[in-house]
Amino acid sequence: MIKVEPDQVVKHFTASDGVQLGCLVAGKGRPLLLVHGTAADHQRWNPVLPELQKRFTTYALDRRGRGASGDSSDWSFDREAEDIVTVIEGIGGPVDVVAHSMGAALSMEAATRTSAIRRLVLYEPALVGLPAAILDDILPRLRELLEAGDRDGLVQTFMLEVAKVPATQVELLRSLPAWQGRLQASHTLVRELEAGRGYRFEPERVGQIRVLTLLLLGGDSPEHVKAGVEQVHQAIKGSRVAVMPGQQHVAMDTGTQLFLDAVLGFLTETK
């Protein structure tokens, strides 16, 4: 059961396989879809929601397997990308999209399938540039933690060794209410990383994206993340890169104003 604030409503959209996809909706203005990453749920956006909701009607999606959304046994990257298309077109375009990590990788694929996106913000899309050796090393250990029921250890190990979030920032995340949502969603983590082993970045396909796109990058993010963002930048014609100094993968928590300045500046510019 998710917590719904008095100023929020839950809206559901029906995926192609019948799964219900839930969004927490609040605010007033142009529609803005927020798509979280792996080992997270809609609460990932809590630090930035108050400011975003002053200018937008925000749709904070729970991707399948989390919170307000249902799930299915036949998960795939392609199905989740199609989920995002379903939500975007269900909201009614044009919709601005802000997406993080795995959510950014999925939204990037979704953007090749729909014309209902107005502007697209991708914060360090997962999988692009990720060395296969990282997944080969970590997946067996993550499976063991999942089978042992050690959800906290599972999420911490992912954060430290895959997302490369510094230990001090992981401790900050553990202190936030949203950590419980991460633990509840942790069963989805292994399946998403397993899908990542077969992921191949296709510049020609991503180059089909025609919407204005902003790529967010932490100035202190690992080199493979920077290389991945550069690949996406080169593929999407006219895309921009905004580097957030001193940040890595969780600037919503550790550099909230930097994140908001970059996102709002891009989404509200008039040119």
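For this structure, a couple of remarks:
- Entirely in region 102-196, the helices (runs of 4 or more DSSP H) that have 1 or more residues that are aromatic (Phe, Trp, Tyr): 151-161, 178-184
- Subset of region 158-168 [buried (at least 19 other Cβ atoms within 10 Å of the Cβ) and more than 16 Å from Ser101 (Cα to Cα)]: none
- Residue check for Arg79: surrounded by fewer than 24 Cβ atoms within 10 Å (Cβ to Cβ) and touching a residue at least 12 places away in the same chain (Cβ under 8 Å): yes
- Failed item, numbered, when Glu192 is tested on (1) within 17 Å of Phe158 (Cβ to Cβ); (2) over 17 Å from the mean Cα position of the chain (by Cα); (3) acidic (Asp, Glu): (2)
- The lone criterion from (1) out of contact with any Pro (no Cβ under 9 Å at 6 or more places or on another chain); (2) in contact (Cβ under 8 Å) with a residue 24 or more places away in the chain; (3) farther than 26 Å from Asp150 by Cβ left unmet by Glu202 is number (2).
- For region 1-15, taking the residues that are of a type in the set (A, V, I, L, M, F, W, C) and in contact with a strand residue (DSSP E or B) (Cβ under 7 Å, 6 or more places away or on another chain), the one that is surrounded by the most Cβ atoms within 10 Å (Cβ to Cβ) is identified as Ala15.
- Count of region 222-234 residues which are crowded, with 20+ Cβ neighbours inside 10 Å and in contact with a helix residue (DSSP H, G or I) (Cβ under 8 Å, 6 or more places away or on another chain): 1
- Flag if Glu51 is surrounded by fewer than 19 Cβ atoms within 10 Å (Cβ to Cβ), under 26 Å from Leu173 (Cα atoms) and among the charged types (D, E, K, R): yes
Residue-by-condition table, conditions (1) without any contact (Cβ under 8 Å) to a residue 60 or more places away in the chain; (2) in a loop (DSSP other than H, G, I, E, B):
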{"position": "Val4", "(1), (2)": "yes, yes"}
{"position": "Leu21", "(1), (2)": "no, no"}
{"position": "Leu24", "(1), (2)": "yes, no"}
{"position": "Gly37", "(1), (2)": "no, yes"}
{"position": "Ala40", "(1), (2)": "no, yes"}
{"position": "Gln43", "(1), (2)": "no, no"}
{"position": "Thr57", "(1), (2)": "yes, no"}
{"position": "Ala68", "(1), (2)": "no, yes"}
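- Total residues in region 117-146, condition of a type outside the set (A, V, I, L, M), at negative phi and either over 22 Å from the mean Cα position of the chain (by Cα) or surrounded by fewer than 24 Cβ atoms within 10 Å (Cβ to Cβ) (or both): 9
- Considering Val241, Val263, the condition of being in a strand (DSSP E or B), surrounded by 13 or more Cβ atoms within 10 Å (Cβ to Cβ), under 18 Å from the mean Cα position of the chain (by Cα) and modelled with pLDDT of 95 or more is satisfied by Val241 alone.
- Against the conditions (1) small (Gly, Ala, Ser); (2) touching a residue at least 60 places away in the same chain (Cβ under 8 Å); (3) under 15 Å from Val263 (Cβ atoms), Gly90 satisfies every one except (3).
The values are calculated or read from the model by the stated rules, or taken from the named source; none is laboratory data. Quick caveat, the model's predicted, so the values are computed rather than measured. For neighbour counting, all protein chains shown are included, and Cβ atoms are generated from backbone atoms with ideal geometry for every residue, glycine included.
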